[in-house]
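Novice: Got a structure for you, questions after.
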């Protein structure tokens, strides 16, 4: 396929689907037929987990039966839940009375934010703008610890963003109670008379391994199709105004020889970030000299003999705010090459950043501009590009076609000392029926650098339909060999491929097999042409998944096929199995194994062989405040003759003691035998709320090195500390 024809065909397909797609309004979501009415609170309730405030003495919301959506669909449970919703001029309030016939078996812990998946919890999903495009998910465990996620039509659920809200939980003799206060400044709301939002409530019972919701989430439907209407007589959402000054100090030493450390480099910096609400649904974010140090360390992963690069998610607050708008339809789903069209970790060390995100009616928009001071770090001394920053400019627009449906456009431009990369594209997400969806994304790139000028196209289409009994999905993907996108994360270019997936669901009798929830056989077939590797590829994966109580899961599958690499074709085939279970309230275990034929991805002389990988993880919680996790991976590769090519051991440990919901001590130790290194990281953290934090940490890198003739030789000798440092950070969020 030629470059021009690729772009033309993509545009033609997109235009056809746009012409055929009906514009559906957000009002067509069928969560509940009768709108719920929020109570105006005369006196604001105290957020303490006790439901004795005046506003909670009224009748709770009249809700129907809560039904399960994971791992079964449509079941009821004996645990009952009552819900109240109230509001005043500055906040929304939610209260939950979670009854349980066995309250002593409720699982909870005092842990850091977003770390309560294995606990019991209750919460809500709210479509605050009522557009069927973005929803805020908030869950709280019986100890009051929060978990929040941003859910968007284009990007799915993202646990990275954090916003300011208050919660409290308390155990009772009948179960537990939870209260939530959500400031209107924290998220984007509509305002005016008779404001309509969308709401869904859910609850997790850990020991059963079952999640339930109201309204019910049928197979193939997600929150945007099922939100019930929630009405407010009047909302006057105040504009967001925030300022976060931050200061950091770092002291680092490295070992110059076996007996001597360097004097130590001291560095202190000051920066700030600010946010201003232009309207209740649009904000302008700016940052100057931000601290983008990674307080959360990326866990060591196996990076030897990997055909594709390892993806690490974004964790930095400035980039996480409003990130959903920059996601494209279908990108990152399934076995796609492109994981993210805008992967902001490519902006490594910005000096300045400016971002505008928001919505107006059916239109959502976002722009991002930043400079990256790290672009020249790996260049040779004589390279004329040294001393220059890379500049990123990104613009995104999206128009809602109704619940779970939109059409959008994206433009990116990066420049670096005369080099330039520009990309323009369009995307469509279409909810054909409640359980049937289609998406298409088309991109065109133009690049000019030292290798010359070139342009290329990329297209991805996805289709899916599912029901209680089965799921079917298909994807078509094409990338020209000249396609390039500096803002994105993708695995490869120069290929065309398609895949299909089918599974069936069987639900054993609960009375005869109370521990067994669902059995799901499945098959996945993928094939295509790889023009860079020089050949056709084919892959089939078939197996079965089994779901148990106690959040138990087991999968076994067999895959086989052929894969081209460096002009040759290799037969591949492996057996894989993995599973996890919450054995007790204090013990969670996970295991994984695969083995069979593999490829050593040498670009000149590749060869086939036997690959084996084993992984195991244990999470131990002897108390509600102490968590100890230990993860181990072993990866080996042998030639057909049995000669060992490599064996790699990776060990990651994490010990955390949470004194309160806000203050914790954490220790991390990570070992990587391939790089002959051990990383230790100790951190004390006080996180009052997002933006108001104090961190103090110490880290060291221990490497296997030998000192010979005035130089260090890596991989030989004994392990010894090679560098160490102290890190301090403090920031304060001032809202006015």
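The values are calculated or read from the model by the stated rules, or taken from the named source; none is laboratory data. If you're wondering where the values come from, they're calculated on a predicted model, not measured in any experiment. Heads up, the Cβs are rebuilt from the backbone with ideal geometry, glycines too, and the neighbour counts pull from every protein chain shown.
Novice: Can you tell me which residue among 426, 453 is in contact with a helix residue (DSSP H, G or I) (Cβ under 8 Å, 6 or more places away or on another chain) and assigned to a strand (DSSP E or B)?
Specialist: The unique qualifying residue is 426.
Novice: Out of 450, 469, I need the residue that is at pLDDT below 95, under 30 Å from residue 534 (Cβ atoms), surrounded by fewer than 21 Cβ atoms within 10 Å (Cβ to Cβ) and touching a strand residue (DSSP E or B) at 6+ places or on another chain (Cβ under 8 Å). Which one?
Specialist: The conditions single out 450.
Novice: Identify, by number, the condition in (1) in contact with a strand residue (DSSP E or B) (Cβ under 8 Å, 6 or more places away or on another chain); (2) surrounded by fewer than 15 Cβ atoms within 10 Å (Cβ to Cβ) that residue 511 doesn't meet.
Specialist: The failed condition is (1).
Novice: Looking at (1) surrounded by 18 or more Cβ atoms within 10 Å (Cβ to Cβ); (2) within 30 Å of residue 421 (Cα to Cα); (3) modelled with pLDDT of 95 or more, which is the only condition residue 496 fails?
Specialist: (1)
Novice: Applying the selection to the range 459-479, what residues are within 30 Å of residue 419 (Cα to Cα) and assigned to a loop (DSSP other than H, G, I, E, B)?
Specialist: Selection gives nothing.
Novice: Here's a follow-up. Run down 298, 291 and say which single residue is within 27 Å of residue 698 (Cβ to Cβ), crowded, with 17+ Cβ neighbours inside 10 Å and modelled with pLDDT under 70.
Specialist: Being within 27 Å of residue 698 (Cβ to Cβ), crowded, with 17+ Cβ neighbours inside 10 Å and modelled with pLDDT under 70 holds for just one of 298, 291, which is 291.
Novice: Return yes or no: is residue 714 surrounded by 15 or more Cβ atoms within 10 Å (Cβ to Cβ) and in contact with a strand residue (DSSP E or B) (Cβ under 9 Å, 6 or more places away or on another chain)?
Specialist: For residue 714, the condition - surrounded by 15 or more Cβ atoms within 10 Å (Cβ to Cβ) and in contact with a strand residue (DSSP E or B) (Cβ under 9 Å, 6 or more places away or on another chain) - is not met.
Novice: Do we find that residue 357 is modelled with pLDDT of 85 or more, buried (at least 21 other Cβ atoms within 10 Å of the Cβ) and not assigned by TED's automatic domain parsing to the domain that holds residue 730 in this structure?
Specialist: yes
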